[in-house]
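Rule-based calculations on the coordinates, nothing more; no lab input. On a predicted model such as this, the values are computed, not experimentally measured, just so you know. In this analysis, Cβ positions are derived from the backbone assuming ideal geometry, glycine residues included, and neighbour counts consider all displayed protein chains.
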Amino acid sequence: METHSARTAMEEDPKHLMTQYLCLASPLQFLSDPAEELMPKSSSSAMPDPMADTVPRLTAKVHRRFSAEDAAAIPLSHIHYRPLQAEDMDEMMALHQEWFPVSYDQDFYNKSVGGHLYSLVATWPQVQHGGSASSVGGRVSAEQPEESILGMITMSTYCEHHGEAISHVLGADCEAICRRKRHRDFGSEEEHGPRTGALAYILTLGVAEAFRRRGLAKELIRRSLEYVERDLPEVQAMYLHVVTYNEAAILLYESCSFLRIEYFPSFYFLHGRHYDSYLYARYLRGSRPPWRWRVRSFASSLGQWVMSYWSSLWLSGDDDRDDAGVISATARLMLMADVNLISMMVMFW
C-alpha cells in the first residue's frame, strides 16, 4: 500500500502488508523550531545507528516538563492509563518520530486517536497548586498544568493487518481461522462490517526517555493482554515484529512470555539499509504455535540436550573416582536427562 510517493521494501512483499502504515521519511524533516536543535538526540534502541545524523532530537513536550530526577520521583503505581484522545495527536506524532526510525502516515495517527485502533497511554497528571503553577517531583513550574504522556502502546485486531503473519503464528490463513468463525458466530460478515480476527498485532510500543527501565513498557503490555483476554474472546495470540538488533525490546518481550516464532530477512529498510526481523507471539486461551514450529523447536532442544548430556558424561569419566562412583554419576546424569526430555515433550506437544 503506498503512503507516499515511494514504496518501502516491506510494502513490495505481500507478507509485509501489515506494515501498511509505514512510509519513508527522514526524522530531521520534522524539526521546525530552532530551539529544538539544542535538545539531545533520541536514545531509542530501535535506531539502527545511534550516532547517525538521521537520529531525531527529543521534541515532545514531556521532555521539557520532566528531568531525570522528576521522573524518578514518580511512583509507577500512581501513573494513570487511558486510551489516546484527539488532543494527543501532536504529542503522539512527536514521540513516534523519536522512538522509531520510520515514519507513520496520517491515517495511522487518525485511527489511533479516533479509537479505530486499540491504544493505551500512560500519563501523569500534573497537579495544580494555586494559581497556574504545577509541581512535579518537588519542582514548581509556571507552566499551565497539563497531562503528560509517558508511554503508549497501539494495537490492531483487524484481519486486514495480520496479513500472512497469521499462518506463521497460528498455522492457517485468515479465511480458515477468522472468517469461518465469524460466519459461524454471526451468520454474515457483511451484515456486521469489519470485525476483529484471531490475532492482536502490536503496532507500536514506546516509553519516554526519562521513564525507561522502570517497568512501564511491561505494564502497558500487561494491561493490553488483560484487555484482550477480558474483552476479545476470539483472539488466540498477540504478536509483533521487532528488528533483530533491538536487544532491549527482545529482552522485554521474552520477559513477557512472548515466543520467537519466525525470522524474516530484509524485513525493514531503515536509513538506507535492509535489516532483519523476528516475529514474536504470546499465546492465549490454550492456543499453541503451529506444529512446524513445535517440531523445529523440539528438534533444536533435543540437539542441545544430546550435546549437554554427552559433554557431562565425558567430563564425569575424567574424574579420579572408582568405577562405582563413575557409574553412579552417569546414572544420575541419565536420570536428569530423561526428566528434561520428558519436560520438553510436554512443553512442545
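Tell me, what HN-Hα J-couplings in whole Hz come from the Karplus equation 6.51 cos²θ - 1.76 cosθ + 1.60 at θ = phi - 60° for each residue of the range 212-225, using x for Gly and Pro?
Calculated HN-Hα couplings, in order: 7, 6, 10, x, 6, 4, 5, 5, 5, 5, 4, 5, 5, 4 Hz.
Among Glu69, Glu98, Glu262, which comes first, then next, by fewest other beta-carbon atoms within 10 Å?
Glu69, Glu262, Glu98
Sum up the charges of everything whose Cβ sits under 14 Å from the Cβ of Tyr81, counting Lys and Arg as +1 and Asp and Glu as -1, but leave Tyr81 out.
For residues surrounding Tyr81, the net value is 0.
How far apart, in nm, are two points set 7 Å out from the Cα along the Cα-to-Cβ line at Asn110 and at Glu226?
About 3.3 nm separates the two model spin labels.
Using Cβ counts within 10 Å as a stand-in for footprinting exposure, how do Cys178, Cys256 rank, fewest first?
In increasing order of surrounding Cβ atoms, one gets Cys256, Cys178.
Of Leu76, Leu232, Leu205, how do they rank once you tally other Cβ atoms within 10 Å and put the fewest first?
Leu76, Leu232, Leu205
For Ala52, what charge total do you get from the other residues with a beta carbon under 13 Å from its beta carbon, if Lys and Arg give +1 and Asp and Glu give -1?
+1
Obtain the nm distance between the two label points defined at Leu251 and Leu76 by a simple spin-label model: each point lies 7 Å from its Cα along the Cα-to-C-beta direction.
Output for this residue pair reads 1.4 nm.
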